[in-house]
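The values are calculated or read from the model by the stated rules, or taken from the named source; none is laboratory data. These figures come from a predicted structure and were not determined experimentally. Here the Cβ positions follow ideal geometry from the backbone for every residue, glycine too, while neighbour counts run over all protein chains shown.
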Amino acid sequence: MDAQQIQSKESERLRELPKRIYPMCLEHPIKRVCPMGTTVSIDVVRFAPKGYKTFEVSTSEGLLYNVEGTKFNFAFSGHPSRWYLQPSCLLILKALAPSSKMFSDWVRVNYFKSGEEHSDCVAVMNVTCVSISLTVENYQDKMKNQEGKKMHKGRVFSPWRGPIMLVNCGCKNKYPPVREDNNEVKGSIHQMSKMFLRIHSPLGFFNTHQLTINCSHPNKVRLFGVERPTINPPYRMVLGPGKPSHVVTHLRNRERRKFYVEALSFPDADFSGLVSFTVSLLDNSHGNVSGPPIHNVGLVFRVAPWIMTANTQPPVEIYMTKSMPDSEFMTTVLNYSYVAHCELTFCLKDKIRLDTWIGNEVAIGYTQSPQRCFPVFLDFPWTKGFEEFEFKDSLPSSFGYVIHEREDDDNLDATGFLEVSPPVTAHDIFYPLGRILIGDGSLPRENITEVNQRLRTFIYAQNMQDPLELFSEWLLEGNVKEFLTFVPANDGKGFRLLLASPSACYELFKMEQRHGHGNASVLDTVEEELLYYAERMRMSINEILADKLLQRQNDYVQTCITWNRMVLKEELGLSEGDIIDIPQLFRLGWIQDPTTKKEVLRAGHLFPNMLNMIVLGSYLGIPKPFGPLVDGVCCVEKKVQSLLEPLGLNCLFIREFFGHQGDQGDAYYWFNIRRKPLPYKWWNFII
């Protein structure tokens with residue numbers, strides 16, 4: 001549903017006030033308020049004098065009328081506004097312009113007997129016309145170079161052209177303003193979304209009337225306004241948590257009252273991201289507010305979603321754990337950050353979590369509105385009872401940070417388990433921001449633990465990167481990054497999907513065996529103590545090919561990857577030419593399922609996992625596989641280079657194998673990368 005449809009639906013909801021029909025009175029004039037944009041219904045029959053058959057209507061210039069439920073009396077051609085009095089007839093008034101004075105506009109009804117030319121039987125209603133509107137700055141101007149509708153291969157997108165609200169998720173509440181305990185805004189608020197209340201009424205109107213502002217989700221937003229318009233007035237929170245409603249005070253007859261709005265959270269399980277503000281006009285002429293609102297006006301904002309960036313986007317900044325020792329890995333990252341023109345930032349050591357939290361518990365994305373775009377760190381810590389940590393305070397004030405407190409200790413709950421594709425087209429649907437890939441137990445197996453539901457719900461609630469669930473529970477940690485990644489390519493496609501492939505590895509080893517290199521071993525150059533620490537062992541090509549149990553295990557793994565391959569091709573619109581098979585072997589081991597407490601088989605890597613690479617533009621930092629040496633060259637590295645370097649990629653294999661994850665060998669836990677936002681504006685592609 002696009003912005004226009006949503007705003008229209010909200011307007012219809014606001015118009016669904018109890019319909020009030022006011023009777024005309026012959027004894028004395030009655031007084032009513034007619035807001036512009038609405039109508040006033042008048043019953044001309046209820047108190048009509050007995051024996052009178054027709055009526056005429058006249059109004060001041062500020063009013064337009066229509067008569068419903070009756071017929072025009074053609075017998076009096078010289079009286080173009082004469083109508084028959086019938087039980088169902090109503091007089092409908094509409095304001096054309098605000099009144100100059102209180103009740104200066106009027107509507108007059110003259111009643112006539114049958115055949116009567118003139119009559120002194122008159123009922124009068126004095127009317128005050130007012131204009132009350134709730135608007136935002138012109139978003140169309142900010143999007144003037146973008147199409148109103150976009151179509152891609154038969155799929156029509158309905159762009160969101162309504163107002164957008166950013167989430168104030170800045171560190172120390174530095175973004176956008178700095179606040180004091182009394183909720184007064186002391187810093188700049190110009191980066192917030194603006195909302196304007198415009199009023200045009202006669203002098204003295206708000207002596208007997210009142211305006212209130214309400215919100216559909218007061219605990220999810222904050223509205224800042226002024227209590228009395230002055231020169232440089234202080235802005236305070238007038239609506240938000242603990243303040244579900246706001247009475248607008250010190251109103252003048254002509255006013256443009258400005259408000260600033262911000263969201264407090266991204267869309268989630270209990271929050272769609274759509275926020276409506278409603279201004280209600282109430283009558284307090286008797287000293288208290290009674291009865292339903294005279295008039296409502298409303299506006300719907302959409303909260304800007306959190307968007308995850310793919311490996312194929314250019315890097316901006318690398319974040320690395322400060323506790324990581326000097327090593328070849330460190331040197332490689334330093335060199336690559338220089339040639340890739342991105343910054344390198346060291347994270348302060350987290351006293352609560354493991355040193356390697358930055359790569360597995362934090363996903364770096366961004367949020368965006370037509371006015372502003374800034375990075376947002378999404379943190380799902382594994383440690384229950386997590387407290388604030390120093391790294392958040394070291395981030396620039398213009399960065400966003402969102403943390404989701406854990407509620408349990410068992411379920412998988414890490415943003416490192418997410419991957420996102422580059423922009424793709426599948427089933428004639430264009431996904432301009434890519435699709436988020438989530439590991440899941442999609443195949444019928446034992447009752448297995450899924451990625452924590454809170455994280456999954458958050459990703460789905462953004463309603464932008466259409467999540468795709470893959471089968472990854474056959475892996476030790478169920479992480480999709482263990483068997484796939486995306487890399488850029490210097491061709492029309494722009495990227496390739498890399499998939500781990502036991503079949504490709506067996507094919508490579510069989511070829512080397514035929515060439516007489518069967519005695520070459522994997523992990524041959526790894527120190528003995530590290531092999532013992534990681535519970536791995538050296539195996540020659542001959543031994544690997546002769547191990548039938550290992551072959552069956554990798555056949556099973558290949559089946560799982562092949563199943564995912566079919567899903568990825570179908571749901572990402574990929575061809576076989578878009579996929580590159582990276583040689584990789586696995587081994588199965590028994591572990592206890594945290595949910596069922598049963599022993600289950602899960603796969604780990606026989607040698608370092610090359611899919612856990614660092615992607616910095618065209619530079620790839622790949623875990624050194626320590627494959628069999630043939631003529632002094634690792635045959636696995638040579639194969640991978642032959643697959644990736646024709647795409648314009650530079651491959652460097654890093655010796656770091658065990659690092660902080662002694663039994664895993666995955667250095668990607670040590671770092672995370674902030675990347676450039678995608679060029680596509682999400683509000684153009686609401687599906």
**Study point:** Selected residue [outside any strand (DSSP E or B), surrounded by 15 or more Cβ atoms within 10 Å (Cβ to Cβ), free of Cβ contacts under 8 Å to residues at least 40 places away in the same chain and of a type outside the set (Ser, Thr, Tyr)] from 543, 571
**Key:** 543
Review point. List, please: which pairs have Cβ atoms under 7 Å, are six or more places apart or on different chains, and start with a residue in region 65-79 that is on the phi > 0 side of the Ramachandran plot and end with one that is part of a loop (DSSP other than H, G, I, E, B) and at pLDDT 70 or above?
Key: 69/86; 69/88; 69/89
Check your understanding: So residue 501 fits all but one of (1) at pLDDT below 95; (2) of a type in the set (S, T, N, Q); (3) touching a helix residue (DSSP H, G or I) at 6+ places or on another chain (Cβ under 8 Å); what number is the exception?
Key -> (1)
Practice item. Using the structure shown, decide if residue 80 is more than 20 Å from residue 206 (Cα to Cα), out of contact with any helix residue (DSSP H, G or I) (no Cβ under 6 Å at 6 or more places or on another chain) and outside any strand (DSSP E or B). Key: yes
Review point. Consider residue 50 against the criteria (1) farther than 30 Å from residue 300 by Cα; (2) touching a residue at least 60 places away in the same chain (Cβ under 8 Å): it satisfies all of them except one. Which criterion is unmet?
Key: (2)
Point to revise | Residue in region 1-57 that is modelled with the lowest pLDDT, counting only those that are under 30 Å from residue 272 (Cα atoms) and in contact with a Phe, Trp or Tyr (Cβ under 9 Å, 6 or more places away or on another chain) | key: 3
Point to revise | Of all residues in region 95-121 being in a strand (DSSP E or B) and among the charged types (D, E, K, R), the one that is nearest to residue 81 (Cα to Cα) | key: 108
Check your understanding: Counting only residues that are part of a strand (DSSP E or B) and not hydrophobic (A, V, I, L, M, F, W, C), which one in region 468-524 is farthest from residue 643 (Cα to Cα)?
Key -> 469
Review point. Are there any pairs with C-beta distances below 7 angstrom linking a residue in region 218-243 that is small (Gly, Ala, Ser) to a residue that is modelled with pLDDT under 90, with the two at least 6 apart or on different chains, and if so which?
Key: 225/235
Exercise for review: For region 314-327, state whether one or more residues are within 34 Å of the chain's Cα centre (by Cα), basic (Lys, Arg) and in the same structural domain as residue 197 (by TED's automatic domain parsing).
Suggested key: no
